[in-house]
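Peer 1: Mind looking over this structure? Questions follow.
The values are calculated or read from the model by the stated rules, or taken from the named source; none is laboratory data. Note that the coordinates shown come from a computational prediction; the quantities given were computed from them, not determined experimentally. When we count neighbours, we look across all protein chains shown, and the Cβ atoms used for this are built from the backbone with ideal geometry, even at glycine. What goes into the accessible areas is simple: the full protein's heavy atoms, side chains included, and nothing from ligands, DNA or RNA. Shrake-Rupley method; radii C 1.70, N 1.55, O 1.52, S 1.80 Å.
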Amino acid sequence: MSAFFLALAAILLVTVAGALVRVLRGPAPADRMMGAQLVGTGGVATALLLAAATDAPAAIDVALVLALLAAFAAIAFVKAASADGLGDPEEEDVAIDLAAQDEGASR
């Protein structure tokens, strides 16, 4: 059974390599972020398969940490992509309206 898990881990590493190409080439920042998320997901799955194949429980901890880092990277991307840095890209108009109200109030 461990040979099967190792073969699956190798297949997952090929998909991670494809995701790294997407991260490097883009074309858009969202495409790069999706590639980075695939790297994180593939890394978690590979670490879990290696843990099952080799009876190494420390690899499960590595997979959990990698899953947390991937989630934090997605949150950071959304916050950086928003206009005001608050994390909701759809609230651009609200931020502009608030700035216009502030200018009107200072007159």
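Peer 1: When the accessible area of the range 1-76 is computed with all protein chains present and a 1.4 Å probe, what percentage of it is carbon and sulfur? Display every interim value, and only then the final one.
Peer 2: Working: 3830 of 4790 Å².
Heavy-atom surface of the range 1-76 belonging to carbon and sulfur, 1.4 Å probe: 80 percent.
Peer 1: Based on the mean of other Cβ atoms within 10 Å per residue, sort peptides 50-59, 29-38 so the most packed one is first. Walk me through the intermediate numbers first.
Peer 2: Numbers: 50-59: 14.2, 29-38: 16.0.
Top to bottom by mean Cβ count within 10 Å: 29-38, 50-59.
Peer 1: Another question about this same structure. Give a residue-ordered list of calculated ³J(HN,Hα) values for the range 23-40 (Karplus: 6.51 cos²θ - 1.76 cosθ + 1.60, θ = phi - 60°; whole Hz; x for Gly, Pro).
Peer 2: In residue order, the calculated couplings are 5, 6, 8, x, x, 9, x, 5, 5, 5, 5, 5, x, 5, 5, 5, 4, x Hz.
Peer 1: Going 7 Å from the Cα of residue 5 toward and past its Cβ, which residues in the range 25-55 have a backbone nitrogen under 20 Å from where you end up?
Peer 2: Once the point is set 7 Å along Cα→Cβ of residue 5, 41-55 turn out to lie under 20 Å by backbone N, inside the range 25-55.
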